[in-house]
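K.L.:
Below is a structure I'd like to ask you about.
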Amino acid sequence: MHRKSLLVDNISLIRNDLLEKIMPVVEYINSNYSENITLKELSDILHLNEQYFSRLFKKATGITPIEYLNFVRIYEAGKLIKSGENASAAALKTGFSSLSYFNRVFKKQKNCSPKDYKRMSLYQEDME
């Protein structure tokens, strides 16, 4: 019955409900990623304690709130680097207070250093 779509997937229904519940936090992160955002601040948006909020966010998205915040920050930093910004300026503009942490997170997400990322984007521009 499940293969014929006669049964509704309960897991996807639960996840959709959870996504709707955490959407104010996602929107807040997307708008304020350059600020110093704490887990307490995010959990307060939904009026939950930090531990419950973290579990809820991970259940809904598959990643922690801090991982999502870093994902948004690195995405925005990548755009700045492609536009010619240096890595340290991009790190500061996207909310990272430590350049070494920025480099570590950037490399984990993009599989290359910010310097290599900039070099690759310049190479791609030359090819166009």
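K.L.:
DSSP loop (so not H, G, I, E, B), at most 12 other Cβ within 10 Å: list which GluC sites (Glu not before Pro) in region 26-72 pass both filters. Spell out each step's value before the answer.
P.N.:
Values: sites: GLU27, GLU35, GLU41, GLU50, GLU67; in loops: GLU35.
Here the sparse-neighbourhood loop sites are GLU35.
K.L.:
Suppose R0 equals 25 Å. What FRET efficiency, 1/(1 + (r/R0)^6) with r the Cβ-Cβ distance, do LYS107 and LYS58 give to the nearest 0.05?
P.N.:
Working: r = 23 Å, r/R0 = 0.92.
Plugging the Cβ-Cβ distance into 1/(1 + (r/R0)^6) gives 0.65.
K.L.:
Once the Cβ-Cβ distance between LEU46 and ASN16 is put in as r, and R0 is 25 Å, what FRET efficiency do you end up with, to the nearest 0.05? List each step's numbers first, then the result.
P.N.:
Numbers: r = 17 Å, r/R0 = 0.67.
E(calc), rounded to 0.05, equals 0.90.
K.L.:
Could you pull the Rg and Dmax for region 37-83, using just the Cα atoms, both in Å?
P.N.:
In order Rg, Dmax, the Cα atoms of region 37-83 give 12.7, 39 Å.
K.L.:
Using R₀ = 25 Å, calculate the FRET efficiency as 1/(1 + (r/R₀)^6) where r is the Cβ-Cβ separation of LYS79 and MET23; round to 0.05.
P.N.:
Numbers: r = 23 Å, r/R0 = 0.93.
Calculated transfer efficiency: 0.60.
FYI, it's all coordinate maths here, none of it is from the lab. Everything numeric here is computed off the predicted structure, so don't read it as measured data. Every residue, glycine as well, gets a Cβ built from its backbone with ideal geometry; the counts of neighbours run over all protein chains shown.
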